[in-house]
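Peer 1: Have a look at this one before I ask anything.
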Amino acid sequence: MRVGKISVVCSFLLLLVLSCTAAEINEARTFQLQGKPRQYFLFAPDKTCARGAAPAPVVLLHHGTGGNGSELIAAWRDLARRQHIILVAPTGTGPYGWIAPQDGPELHRLLTADVNQRCAGSLDMRRIYAVGFSNGGDFAFYVALAESKYFAGAAILSRKFQIHEGRSK
């Protein structure tokens with residue numbers, strides 16, 4: 001009888017641990033960058049961050065002026081669920097959202113390191129994408145060029161690039 005109770009308790013604890021690691025993640029997180037707190041939003045579909053899960057692609061979402069990371073997470077959540085994509089959306093701190101180069105390489109490295117730890121090493125470090133909307137599109141374009149070895153690709157949404165005398169502005 002005692003062995004049966006122990007088996008039931010152990011089974012319950014195992015199920016509890018497995019359910020905690022496989023649940024959908026939708027949270028605001030904070031980390032330090034250059035001695036200042038930075039906020040980002042993380043969304044990972046069910047089982048994407050479970051121990052032993054297949055490596056998942058990461059999309060770093062950059063909001064436009066006056067926005068924040070949670071708005072882009074909401075817009076991309078359904079696609080992320082269908083495609084098993086991890087979404088990471090930092091909130092910019094500059095007057096227009098993003099400051100280059102201050103928000104560049106170190107920001108993305110610290111973000112992905114924090115997310116990889118939170119997601120039990122489930123990030124596919126070869127499939128990290130920069131996406132930006134409006135002013136965030138400018139920033140995504142900048143970091144994709146400046147860190148081309150880090151990003152697998154980039155998408156710039158709703159951004160106007162002006163060309164003058166053969167030079168982009």
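The values are calculated or read from the model by the stated rules, or taken from the named source; none is laboratory data. All values reported here derive from a predicted model rather than from experimental measurement. FYI the Cβ positions are ideal-geometry reconstructions off the backbone, even for glycines, and counts take in every protein chain you see.
Peer 1: So, in region 82-108, how many residues would count as being touching a residue at least 40 places away in the same chain (Cβ under 8 Å) and surrounded by fewer than 14 Cβ atoms within 10 Å (Cβ to Cβ)?
Peer 2: The total comes to 5.
Peer 1: Now for a different question. Out of Ser134, Ser158, I need the residue that is at positive phi, among the polar types (S, T, N, Q) and loosely packed, with under 14 Cβ neighbours inside 10 Å. Which one?
Peer 2: Exactly one residue qualifies, and that residue is Ser158.
Peer 1: Also: In region 70-81, what count of residues is obtained for those that are touching a residue at least 24 places away in the same chain (Cβ under 8 Å) and more than 19 Å from Gln39 (Cα to Cα)?
Peer 2: Within region 70-81, residues that are touching a residue at least 24 places away in the same chain (Cβ under 8 Å) and more than 19 Å from Gln39 (Cα to Cα) number 2.
Peer 1: Pick from region 109-127 the residues that are polar (S, T, N, Q) and buried (at least 16 other Cβ atoms within 10 Å of the Cβ): which of them is farthest from Tyr150 (Cα to Cα)?
Peer 2: Filtering region 109-127 for residues that are polar (S, T, N, Q) and buried (at least 16 other Cβ atoms within 10 Å of the Cβ), the one farthest from Tyr150 (Cα to Cα) comes out as Ser122.
Peer 1: Taking the conditions exactly as written (among the hydrophobic types (A, V, I, L, M, F, W, C) and either buried (at least 20 other Cβ atoms within 10 Å of the Cβ) or touching a helix residue (DSSP H, G or I) at 6+ places or on another chain (Cβ under 7 Å) (or both)), does Ala75 satisfy them or not?
Peer 2: It is false that Ala75 is among the hydrophobic types (A, V, I, L, M, F, W, C) and either buried (at least 20 other Cβ atoms within 10 Å of the Cβ) or touching a helix residue (DSSP H, G or I) at 6+ places or on another chain (Cβ under 7 Å) (or both).
Peer 1: Of the residues Leu110, Leu79, Leu72, which single one is under 22 Å from Phe31 (Cβ atoms) and at pLDDT 90 or above? Full working, then the answer.
Peer 2: Values: Leu110 fails: at pLDDT 90 or above; Leu79 fails: under 22 Å from Phe31 (Cβ atoms).
Of Leu110, Leu79, Leu72, the one residue that is under 22 Å from Phe31 (Cβ atoms) and at pLDDT 90 or above is Leu72.
Peer 1: Could you give every pair whose Cβ atoms fall below 6 Å, whose first residue belongs to region 143-169 and is hydroxyl-bearing (Ser, Thr, Tyr), and whose second residue is modelled with pLDDT of 65 or more and not in a strand (DSSP E or B), counting only separations of at least 6 or pairs across chains?
Peer 2: Ser158/Ser134
Peer 1: Kindly indicate whether any position in region 83-105 is at positive phi and under 13 Å from the mean Cα position of the chain (by Cα).
Peer 2: Yes, because at least one residue in region 83-105 is at positive phi and under 13 Å from the mean Cα position of the chain (by Cα).
Peer 1: Report whether or not Ala130 is in contact (Cβ under 8 Å) with a residue 60 or more places away in the chain and assigned to a loop (DSSP other than H, G, I, E, B).
Peer 2: So Ala130 does not fit the description; no.
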